[in-house]
Amino acid sequence: LFAVLGVGYYAYSRYTDRFVKRKENSSFPASNISYGQAKSRADAIYGSIGIVSNDFDNVARQITGLNYNGFVRVYNAFGHKKGTFFGGDLNLEEWCYDQFTHYQVQQLSFLLGGAFFQ
């Protein structure tokens, strides 16, 4: 019985913790970056993690100038990444909340028109 419950819990947690890509919205202008540029920016953002601190300025540079669909491409390219030791796998928004102060997250949101970080 415990084995069945354990397998069921494992399957449920894998399903609920999966990364769900966002779809680009055709109501907004087309993305202002390519898929390759989005991957490069996502990797640069994740590379901003440091042992003692994080490179907030680099993250801000990577998202500056993105339109809605451009941000969606970077978000999807970022996928799930490891956060802090106890953070688990996080998407781009969760990772920013995990790594930066509330004020810094507000600054990032401002760079994107305030529409992306809730």
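The values are calculated or read from the model by the stated rules, or taken from the named source; none is laboratory data. Everything quoted here is computed from the prediction, not taken from an experiment. We place every Cβ from the backbone using ideal geometry, glycine too, and count neighbours over all the protein chains shown. All accessible areas refer to the heavy atoms of the entire protein, side chains included, with ligands and DNA or RNA removed. Shrake-Rupley method; radii C 1.70, N 1.55, O 1.52, S 1.80 Å.
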(request) Name the residue, out of Asp89, Asp57, that is more than 19 Å from Asn32 (Cα to Cα), open to solvent by 60 Å² or more (accessible area, probe 1.4 Å) and at pLDDT 90 or above. (result) Asp57
(request) Would you check if Asn69 is buried (at least 18 other Cβ atoms within 10 Å of the Cβ) and modelled with pLDDT under 95? (result) yes
(request) Can you tell me which residue within the range 92-118, out of those that are in a loop (DSSP other than H, G, I, E, B) and either out of contact with any Ser or Thr (no Cβ under 7 Å at 6 or more places or on another chain) or within 16 Å of Ser31 (Cβ to Cβ) (or both), is modelled with the lowest pLDDT? (result) Gln118
(request) State the number of residues belonging to the range 33-63 that are small (Gly, Ala, Ser) and either in contact with a strand residue (DSSP E or B) (Cβ under 6 Å, 6 or more places away or on another chain) or in a helix (DSSP H, G or I) (or both). (result) 6
(message) Checking Tyr35 against (1) open to solvent by 60 Å² or more (accessible area, probe 1.4 Å); (2) under 14 Å from the mean Cα position of the chain (by Cα): exactly one of these is not met. Which one?
(response) (2)
